[in-house]
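J.: Can you read through this structure? Questions will come right after.
The values are calculated or read from the model by the stated rules, or taken from the named source; none is laboratory data. From a predicted model like this one, the values you see are computed outputs, not experimental measurements. Reconstructed Cβ throughout: ideal geometry from the backbone, glycine too, with neighbour counts over all protein chains shown.
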Amino acid sequence: MRWLTFFVLAVTMLVLASAVAPRLSVFGIWPDWLLVTALFFALYGRPVDAVLGGWLLGALADLMTVERLGFLALSYALAALLVASVREYLFRYRPAVQSALVFVVSLVVRLVWSVYRGVLYDSGQSAAAMVLSDWLLGSLYTAAWAPLFFKILLSMSRSLGIPQPRYTFAGLHRLGGARV
């Protein structure tokens, strides 16, 4: 992975996540584009780079919160490790698979985050409302954005230093007009 390009992308995603995503909120829920970016690297980058990139993107997500530094960094790194370990069993170039994967991982990360907040603080929100709003709707909204971001990031894969697949059978060398 080309780390300078990664850092530029990470800062760009941080700015988008902090400035643009809240303006696109639906019912007070906005997408977690830093998690989507971390999962992109977990699906397409080298596993070591994916875990380190997930940790760095999680550290940037931690900077946007007032919580203890490192919780989201650890969550994103573990999510990247999990996805990198199962990616060979997935049709990772399909938008439905990308959305489903982002939905499941986002659901787990939001679940852990909500349990963490529930243990430390009294949320004042019922469990059913928290499950529906925080977990389910937030994960669905994040997953809805995933195919768009994956397509944009796949078109930048060469400049990011993402390894290119070596096969050309079944038309898989071209996906969405971009060389993969």
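J.: Examine the range 52-75 for a residue that is closer than 17 Å to I152 by Cα and without any contact (Cβ under 8 Å) to a residue 12 or more places away in the chain, and state whether such a residue exists. Before the answer, list the steps.
T.: Pass one, the range 52-75, residues closer than 17 Å to I152 by Cα: none.
No, the conditions are met nowhere in the range 52-75.
J.: Residues of the range 44-85 being charged (D, E, K, R) and out of contact with any Asp or Glu (no Cβ under 9 Å at 6 or more places or on another chain), which ones?
T.: Correct list: R46, D49, D62, E67.
J.: Moving to a separate point now. Of the residues D32, D62, D49, which single one is in contact with a helix residue (DSSP H, G or I) (Cβ under 7 Å, 6 or more places away or on another chain), of a type in the set (D, E) and under 18 Å from A143 (Cβ atoms)?
T.: Exactly one residue qualifies, and that residue is D32.
J.: Moving on to the next point. Condition first: surrounded by fewer than 24 Cβ atoms within 10 Å (Cβ to Cβ), part of a helix (DSSP H, G or I) and among the β-branched types (V, I, T). Now tell me which residues in the range 28-50 satisfy that.
T.: V48
J.: Restricting to the range 16-47, give me the number of residues that are farther than 13 Å from I162 by Cβ, at pLDDT 95 or above and of a type in the set (V, I, T).
T.: Residues flagged as farther than 13 Å from I162 by Cβ, at pLDDT 95 or above and of a type in the set (V, I, T) within the range 16-47 amount to 1.
J.: Being of a type outside the set (D, E, K, R) and either outside any helix (DSSP H, G or I) or touching a residue at least 40 places away in the same chain (Cβ under 8 Å) (or both) is the requirement here; does A21 meet it? Before the answer, list the steps.
T.: Numbers: of a type outside the set (D, E, K, R): yes; either outside any helix (DSSP H, G or I) or touching a residue at least 40 places away in the same chain (Cβ under 8 Å) (or both): no.
For A21, the condition - of a type outside the set (D, E, K, R) and either outside any helix (DSSP H, G or I) or touching a residue at least 40 places away in the same chain (Cβ under 8 Å) (or both) - is not met.
J.: Right, here's the next one. So, in the range 10-19, how many residues would count as being within 13 Å of the chain's Cα centre (by Cα) and farther than 13 Å from D49 by Cβ?
T.: Qualifying residue count for the region: 3.
J.: Could you tell me which numbered condition V109 fails, if it satisfies all but one of (1) closer than 20 Å to L154 by Cα; (2) under 13 Å from the mean Cα position of the chain (by Cα)?
T.: That leaves (1) as the condition not met.
J.: Specify the residue that is farthest from P47 (Cα to Cα); the eligible residues are those in the range 1-27 that are among the polar types (S, T, N, Q) and either loosely packed, with under 13 Cβ neighbours inside 10 Å or in contact with a Gly (Cβ under 6 Å, 6 or more places away or on another chain) (or both).
T.: Looking at the filtered set, the residue picked out is S25.
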